[in-house]
C-alpha cells in the first residue's frame, strides 16, 4: 500500500515537472530597469555674427558736422546657458564707420573721418522656443569699448576706453539640436566715443550662428 502511494506521488511530481518545464521555458527573462534619459539643459556656447552698421550723424560746436556714409561690424561671444531660456556670456566685437566731414555753416564736404570701436560687454539673453525649430531671443549687456576717431578735418583722436552698452533681439532657426542660425538687430552706444562729437550710437542688422557644446 505504501509503495503504491509513493509511486502515485512520484508520478504526480514527474508529470507536474513535465508540464511546468515547457511553461517556464516560454517565460522571457526579466529585463533590467534603465532610468529614463534626462535631457541636459545647461551647456557652454559660442557664436559669431556680422552685419551692416548705421552710426548717428554728429556735430561739434555747431561748426563742423559728421555725416555718416557706411560701415560694418562683427561680433563674437562665448558663455553658459543655465536653462533653455536664460544664458550669460561675454561678447567682443569690432565696429567700423565712415563719415563725410561737412562745414557746419552750410558749406560742402571738407574731408572724411573714420570711427573704429572695439566693444566688450557682459550680456544676459532670454530665449523663447516658438516651435521645435524656431526661436526668438532678446538680451542686453554692459561693458566698455575702445574707440578711435581718425579724420582729415575732424581732428585725430587717440584711442581710449569708454563705457558702453548694447541691446539686441532677433530670430533663430535650429539646424540641429546644437547649432542654430540667427538673424537680428543690435543697438550699441559708446559714451564720448567721438570726443567733441559726443556719443557713438550704432544700429546693426546682423546674421550669424551659435553652437552649443
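Residue under question is residue 178, and the condition is that it be modelled with pLDDT under 95 and out of contact with any strand residue (DSSP E or B) (no Cβ under 7 Å at 6 or more places or on another chain); does it hold? Quick ask: steps written out before the conclusion?
Values: modelled with pLDDT under 95: yes; out of contact with any strand residue (DSSP E or B) (no Cβ under 7 Å at 6 or more places or on another chain): no.
In short, no.
Let's see how each residue does on (1) modelled with pLDDT of 90 or more; (2) surrounded by 17 or more Cβ atoms within 10 Å (Cβ to Cβ):
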{"site": "38", "(1), (2)": "no, no"}
{"site": "42", "(1), (2)": "no, no"}
{"site": "51", "(1), (2)": "yes, yes"}
{"site": "59", "(1), (2)": "no, no"}
{"site": "68", "(1), (2)": "yes, yes"}
{"site": "72", "(1), (2)": "yes, no"}
{"site": "76", "(1), (2)": "yes, no"}
{"site": "81", "(1), (2)": "yes, yes"}
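Here's the yes/no breakdown for (1) surrounded by fewer than 17 Cβ atoms within 10 Å (Cβ to Cβ); (2) modelled with pLDDT of 95 or more:
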| position | (1), (2) |
| --- | --- |
| 106 | yes, no |
| 110 | yes, no |
| 114 | yes, no |
| 122 | yes, yes |
| 128 | yes, yes |
| 139 | no, yes |
| 146 | no, yes |
| 159 | yes, no |
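The values are calculated or read from the model by the stated rules, or taken from the named source; none is laboratory data. Bear in mind the structure is a predicted one, so any value in this text is a computation, not a measurement. Cβ sites come from the backbone with ideal geometry, for glycine too, and all protein chains shown count toward neighbours.
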